[in-house]
Amino acid sequence: MEISNPIKLLRYVSLTALLLFSGYASSANDKGLFWLAQKDGHSVYLLGSVHLASDDFYPLRKKIQQAYKNSDVLVVEADILAAESDPALQQQIMQESLYLDERTLRDDLSPTVYSQLQKWLQKHQLPEPMFIRQRPAIAMITMSMMELKAQGLNPGLGIDRHFLQQAKQSGKPIVELEGVLQQLRLLNQLESPDLLMQQTLEQLDEIKTFAPRMVKAWKNGDADHLYQLIIADSLNEHPEFKPLYETLFFRRNRDMAKRIIHTSDSYKSQFVIIGAGHLVGEHSVIELLQRQGYNIEQL
């Protein structure tokens, strides 16, 4: 993994890819996390995203494919393909990704968490001086990508990328709920990047047992179990993570729900792909749409 090229990393992943969920082999018979929200003649299909997958993940369930085909617009958290063809955006991403002065990652982490990071770097034989030039967001992405790829996952086969490629080929409109740059800035502006790194290290330490349980819940369409795995269990065990989850999940859920509702003013039907953790449990996008009068059906 090349750790000095944040553009290369961000071609493959959005923020939620690495904080929430990844997927192993699946099939057309797997249910997945898929909803239909309807109100006043408008339809919003919502698919819980799997951002890293394997070849035999496809084809997706026919109902999902048909919903995409029938929708007027593709809605995603971030158009992760845009950075590949936009030099100006690439330059902005680079500026947000690396420390541009004498600061390093050590300056933004507590001694305890930095010591844990050093152990992780030693385990993976990564050069500390180069790695710590990355700001917390890119450091977290780099670490997560390495661990997930070690599990046999391919970021080039993610569901959001799959549908973005189709949309660009066919000319289907694409709407971003956030954008790569906004997601990076959100991470960089966290009051406590220490919490982000602590959470990342703990999740990666359990990746071999954690990921299969999440995959099973996704395949079964078990939103309640997925909520427990992604959010509830973590908050119960670590109440100090609550401000982090408010920023990474709940506030973003409110903003994304508003954006989805606003997009309905321009399109009668939407196909929305967002991280699975934003669609499950309390304060989710699904719950927020329901509060706004949408009829919700899990498909």
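If we scan segment 245-264, do we find a residue that is assigned to a loop (DSSP other than H, G, I, E, B) and without any contact (Cβ under 8 Å) to a residue 24 or more places away in the chain? Looking through segment 245-264, none of the residues is assigned to a loop (DSSP other than H, G, I, E, B) and without any contact (Cβ under 8 Å) to a residue 24 or more places away in the chain.
Kindly indicate whether VAL272 is assigned to a strand (DSSP E or B), within 17 Å of the chain's Cα centre (by Cα) and either buried (at least 19 other Cβ atoms within 10 Å of the Cβ) or among the polar types (S, T, N, Q) (or both).
Answer is yes for this residue.
Of the set (1) under 30 Å from SER170 (Cα atoms); (2) acidic (Asp, Glu); (3) exposed (fewer than 13 other Cβ atoms within 10 Å of the Cβ), all apply to ASP79 but (3). Looking only at segment 258-294, which residues are in contact with a Lys or Arg (Cβ under 9 Å, 6 or more places away or on another chain) and of a type in the set (Gly, Ala, Ser)? Residues satisfying the conditions are SER264, GLY293. Scanning segment 96-133 for residues that are β-branched (Val, Ile, Thr) and part of a helix (DSSP H, G or I) yields THR112, VAL113. Take the residues of segment 219-242 that are farther than 25 Å from ALA37 by Cβ and modelled with pLDDT under 85: which is surrounded by the fewest Cβ atoms within 10 Å (Cβ to Cβ)? The selected residue is GLU237.
When GLU147, GLU202 are checked against the criterion of being touching a residue at least 60 places away in the same chain (Cβ under 8 Å), closer than 28 Å to PRO111 by Cβ and not basic (Lys, Arg), GLU147 stands alone in meeting it.
Among ARG11, ARG61, which is surrounded by 14 or more Cβ atoms within 10 Å (Cβ to Cβ), within 20 Å of the chain's Cα centre (by Cα) and modelled with pLDDT under 90?
It is ARG11.
The values are calculated or read from the model by the stated rules, or taken from the named source; none is laboratory data. What you see is a predicted model; the values in this text were computed from it and never measured. Cβ sites come from the backbone with ideal geometry, for glycine too, and all protein chains shown count toward neighbours.
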